[in-house]
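J.: I am attaching a structure below and will ask some questions about it afterwards.
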């Protein structure tokens, strides 16, 4: 257990993810003008917790193993893939969900069989991904050097 609790490559990215989720609650609640704890468990929103996690992971691996290590290469490509997916594929799904919900609303007004709606906030904007990435990198740099 001590090895797990002292593993900064494990703990720093997890902490970055938690920080991003808490920031989502703060930012979302400020925008909604009421406390909304559902942001802790939802996908999408500002900043991207996925981006914060993978960038903190790659940064911590770079600091621990060096930028010339194979492990850094793997984590860097993994981070790029996750961020591309968050801002690309998942954002497209969000847009499609919004359009489908509008179509269902117009076509089946008042029909209880079509009251269920698709989740619209799934992906991230490029800004949310960039903010999450910056958060992850800076957070990892600060914590890894203090460790």
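Each reported figure results from applying straightforward, stated rules to the coordinates on display, with no laboratory input. Please read all numbers here as calculations on a predicted model, not as lab measurements. Neighbour counts run over all protein chains shown; Cβ positions are idealised from the backbone, glycine included.
J.: Have a look at 82, 25, 64 and tell me which one the Gaussian network model of the chain (Cα, springs below 10 Å) gives the largest fluctuation.
T.: Between 82, 25, 64, it is 64 that shows the largest mean-square fluctuation.
J.: With the contact rule set at Cα under 8 Å and sequence spacing of 6 or more, what percent relative contact order holds for the chain?
T.: Computed value for the chain: 34 percent relative contact order.
J.: Oh, and also: Sort 63, 142, 5, 57 by Cβ crowding within 10 Å, fewest neighbours at the top.
T.: Taking fewest neighbouring Cβ atoms as first place, the list is 5, 142, 63, 57.
J.: Follow-up question, since we're still on this one. Sorting 126, 109, 8 on the 10 Å Cβ count, fewest up front, what's the list?
T.: Going from sparsest to densest Cβ surroundings: 109, 126, 8.
J.: Same structure, new question: Using the number of other C-beta atoms within 10 angstrom as an exposure proxy, rank 55, 18 with the fewest first.
T.: By the 10 Å Cβ count, ascending: 18, 55.
J.: Using a ≥ b ≥ c from the Cα gyration tensor of the chain (square roots of the eigenvalues), is it rounded, prolate or oblate, where a/c under 1.5 gives rounded and otherwise the larger of a/b and b/c decides, a/b for prolate?
T.: Prolate, because a/c is 1.5 or more and a/b exceeds b/c.
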